[in-house]
Amino acid sequence: MNHSEGCGCPHIHGVKCEVTNCVYNNQKEYCTAKEIKVGPSYASSSTDTICATFKPE
């Protein structure tokens, strides 16, 4: 995959993001980070998870 960091760059195919105030959101609900990290490792449902890649605009 060819990903560049920041808005306006190619997005990660299949990874949608509803966090519109993240620098990696391309305003079309796609993530443009070159990789993502989701945690914590002890999560037992989607409500327990966080995106550690999030960076505010």
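The values are calculated or read from the model by the stated rules, or taken from the named source; none is laboratory data. Please read all numbers here as calculations on a predicted model, not as lab measurements. A quick note on method: Cβ atoms are made from the backbone with ideal geometry, for glycine too, and the neighbour counts reach across all protein chains shown. We work out accessible area using only protein heavy atoms, side chains counted, and drop any ligands, DNA or RNA first. Shrake-Rupley method; radii C 1.70, N 1.55, O 1.52, S 1.80 Å.
Can you name the residue in the range 33-48 that is within 12 Å of the chain's Cα centre (by Cα) and hydrophobic (A, V, I, L, M, F, W, C) and is also farthest from Gly14 (Cα to Cα) among such residues? Among them, the one singled out is Val38. Is there any pair linking a residue in the range 40-57 that is under 10 Å from Tyr24 (Cβ atoms) and open to solvent by 90 Å² or more (accessible area, probe 1.4 Å) to one that is among the aromatic types (Phe, Trp, Tyr) and outside any loop (DSSP other than H, G, I, E, B), with Cβ under 9 Å and at least six apart or on different chains, and which? Cβ pairs passing all conditions: none.
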